[in-house]
Structure formats: C-alpha cells, structure tokens
1. Quick one: in the stretch 366-389, of everything that is touching a His at 6+ places or on another chain (Cβ under 9 Å) and part of a loop (DSSP other than H, G, I, E, B), which residue is surrounded by the most Cβ atoms within 10 Å (Cβ to Cβ)?
2. Can you give me the number of residues within the stretch 83-140 that are in contact with a strand residue (DSSP E or B) (Cβ under 7 Å, 6 or more places away or on another chain), away from the ligand (no atom under 15 Å from the Cβ), within 23 Å of Met178 (Cβ to Cβ) and open to solvent by 10 Å² or more (accessible area, probe 1.4 Å)?
3. If you go through the stretch 245-268 one residue at a time, how many are over 21 Å from Gly75 (Cα atoms) and either of a type in the set (Phe, Trp, Tyr) or open to solvent by less than 10 Å² (accessible area, probe 1.4 Å) (or both)?
4. Listed residues Gly334, Gly363; which is more than 16 Å from Val20 (Cβ to Cβ), open to solvent by less than 10 Å² (accessible area, probe 1.4 Å) and touching an Asp or Glu at 6+ places or on another chain (Cβ under 7 Å)?
5. Among the numbered criteria (1) outside any loop (DSSP other than H, G, I, E, B); (2) more than 16 Å from the ligand (Cβ to nearest atom); (3) closer than 29 Å to Pro101 by Cβ, which single criterion is violated by Glu242?
6. For Ile392, which of the numbered conditions (1) aliphatic (A, V, I, L, M); (2) surrounded by 12 or more Cβ atoms within 10 Å (Cβ to Cβ); (3) out of contact with any Ser or Thr (no Cβ under 8 Å at 6 or more places or on another chain); (4) part of a strand (DSSP E or B) fails to hold?
7. Tally up the residues in the stretch 256-291 that are under 30 Å from Leu209 (Cβ atoms) and either within 16 Å of the ligand (Cβ to nearest atom) or not in a loop (DSSP other than H, G, I, E, B) (or both), please.
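The values are calculated or read from the model by the stated rules, or taken from the named source; none is laboratory data. Here the structure is a predicted model, which means the values were calculated and not measured. With ideal geometry, Cβ positions are generated from the backbone for all residues, glycine too; neighbour counts draw on all protein chains shown. For accessibility, only protein heavy atoms count, side chains too; no ligands or nucleic acids. Shrake-Rupley method; radii C 1.70, N 1.55, O 1.52, S 1.80 Å.
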Amino acid sequence: MTIEHGRMQLSNGIDPLELVQKYGAPLYVYDAAVIERQYKRLHSAFKVKSLRLNFACKALTNVSVLRLMKKLGSGLDTVSVQEVQMGLMAGFAPQEIMFTPSGVSMAEMEAAVNLGVRINVDNLPMLEQFGLKFPHIPVCIRVNPHIMAGGNLQTSVGHVDSKFGISVHQLPLVKRIMDNTGLKMEGIHMHTGSDILQSEAFMAGTELLLNAAKDYPDLSFVNLGSGFKVPYKPNDVETDIEELGEKISTRFKAFCKAYGRELTLVFEPGKFLVSEAGSFLVRVNAVKQTTSTVFACVDSGFNHLIRPMFYGSYHKISNLSNPQGKMQHYNIVGYICETDTFATNRALSEVHEGDILCFHNAGAYCFSMANNYNSRLLPAEVLIYQGKDHLIRERQTLDDLLRNQVQIEI
Ligand SMILES: *Cc1c(COP(=O)(O)O)cnc(C)c1O
C-alpha cells in the first residue's frame, strides 16, 4: 500500500475503505501488481541459463492466486496432495509441480505419483519403499544441511534437530538405496527455513548441497528452497536479493561447468512473492480502557491471523479511518475467547469504534492458516488484478460450519 494525500491506497488508486464498504469486514485483499513486482525482482536477481521459481503455495493457496502465478511463469511447490490437486486445477502441468511433503504415508506419495507431479523425498524409509515400488520414477532428495538459520526455532527447519529432510551425513545411505533399487535422482533440494537474514548461511547451505550434488550424475535441477526475508517492520532488514542472486549465480555457473551440463536452478519462495501483497482489513468493535491499558478490540482474532500469537510475528498496523490522528498506544486484541493479542503497546493514530485497521504483510501464512475456532466464519478474499477488484473467495456462512456435520437423533 502507498500513501497519497494522507490516505492509504492500493494499486490503481483503489481505496481499501471502499473495498470494505463493498465486501464487508474483515477482509483479505491482495494486490496482483505487488506479486508480479516481487516475482520479476526475484527472477531477475539470478543470472543463470535456466531458472525456475516454484511458488510455495501453502503461503497463499487461493486458486485465483495460483492462476496468477502460472501466468507469471512460476511453477508450484506443494506439501499435500490437496495442494497438488489445487495446482492442477489452476492449470499447472504436472511436471511444473513439486510435491515436497514431510513424513507422509506411502498412499499419499502414490496419489502424487499418479497425478504425474515431481516427487521430493524427505526420509530414508520412504526412499527405500518408493524405490521398490516406483524404480522408474526419478526423485528429488530433500537434504538437511544442518544449518541453523531462519527467524526463530519454529521456522528454522534445516538445523540438526529438525524433522525435515535427510541428513547430509546420511547421503552415502541414499546412494546405496538408489543403487540397490535403480532409482534415479533428478534433483537435489534443501530448504533451511523462513526469514533467513544472513546470505552467509544461505551460501554455506548452497556449498554443502552442491558438494553433495556432484556425486549424482542424473540431475536435472538443484533446488535451494527459500527463506527470503521481506520487511515486516518499518526499517526492517530484508534479504539483499540482488547481492545474494549474484553470489549464487556465480557459484552455480561454476558448478554446472564442473558438472559438465547446464542444470536448472530452482527456488521455492512463498513469503517473498505474496507477503507484502496482502492487507487484512478489520473493524474496531470497541475501544476499552482498563486501569493501565487501552484495548482496541477488532472483529477478528487468531482464527483469521495467527502469526502474531503462533510465532510472535510482528505485523505493521495502520488506522485507515483516521490516518492523520494523534498517535496513541493500544493493545490490539481479537474477539476469540483466548488471549489473542495482535500487538502490545502499539502506537496507532487515534482509534474510534467503527474504524478500519489494516494489518500489513498479510499475504503469506495468514488466510492459509485461518480456522473456524469459536465457530467464527472465514473472511472473504479480494484480488486487485489489472486495476480492478475481484472477489476470489466468498465470506463463509453458517452452512459452511454445518456442511460436514452429521446430526444424529439424541
Ligand atoms: C514453506 C516452504 C517454503 C516457503 O518458505 P518461505 O519462507 O515462505 O519462502 C519453501 N519450501 C518448502 C519446502 C516449504 O515447506
């Protein structure tokens, strides 16, 4: 969002307050122009012969967003067979979809194989079973490089105690299983975690992975995962994509030369592509003064946006209804009957009942983590595409809560 004449606006001058009038609150709004900007920025940061960006769709799984990604030229990274099915529905070819699950059943793997998508294996027993059953289907191997990186312990998934991936020290076993079963390795992968600040950590992981890669002659791609950080706070640090891009491109080109063939370099960004494109608009139900604190109570809660409570994440918040007011401090809290605090002691332009607040950076891991706790309904989603607003998900109704319930005679 940008500020024009003291008011926040989305691309093409669209006023978020008008969207709330039209679609109601709470409301998720995504700006396709921002997604496109981020896609292009990331794509042009890597100067290699063959580059592929696979959108990690667990960040934002709306089918219309997936279609936008497809149009931009992206592939897809999926973590469940349902995400695979959504990707196919959105128009991705099976081979543009990578299935990167963690600890799933053989039945789910088989379902993915039957849908024709690329398979990423993250544990040795699965590799063995898979090799016995599908020796002719080439796989990608998810390697755990044992590097501590990422915003915090929950989002750091490549360290030694993480459940993700096959330890880099177990690669000799991988090789033995592949030789015994006749499996071929088409790709090698790591994903060390979300919010990686230091390009050194990223480069160390890259080095480890490329070192492992040279022992496997059938590769067609190397997938370095994601972890690109975007700014959440004012003056926040962000990954210097251009600098990282140069370093990795140089290293990757040298690798391909030594390997003897051009391979495809793959990344699977989630947050980087969609976080900043999203705004979550909520209405203030009450402003409540206690002895020491002023609470701004909004018509949402951790049922719609759980990141602050789940990860301690910071989301910038603005008062769209009173952008020029006097700054005051508030605890912004939800309506769920649990402690669901979005922000503590946060300076906001003076808040009144009925005001619309905006949570910024609400594109990634916000709607996709929403749930129906307290029998609350999920909000609507709107996509600004080519300068116009489009409803891409209707607000839930009571029927949605009852749909799968079976009422017995009591
Ligand atoms: C979640 C996930 C990503 C995306 O991470 P971001 O921090 O959102 O970019 C990439 N790869 C895998 C395997 C993931 O599980």
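1. Here the answer is Pro379.
2. The total comes to 5.
3. Step one: filter the stretch 245-268 for residues over 21 Å from Gly75 (Cα atoms), giving 246-247, 250-251, 253-261.
From what's left, either of a type in the set (Phe, Trp, Tyr) or open to solvent by less than 10 Å² (accessible area, probe 1.4 Å) (or both): 255-256, 259.
Looking only at that region, the number is 3.
4. Values: Gly334 fails: open to solvent by less than 10 Å² (accessible area, probe 1.4 Å).
On inspection, the qualifying residue turns out to be Gly363.
5. (3)
6. The number of the failed condition is (3).
7. Residues of the stretch 256-291 that are under 30 Å from Leu209 (Cβ atoms), as a first pass: 256-277.
Those left that are additionally either within 16 Å of the ligand (Cβ to nearest atom) or not in a loop (DSSP other than H, G, I, E, B) (or both): 256-259, 264-277.
Looking only at that region, the number is 18.
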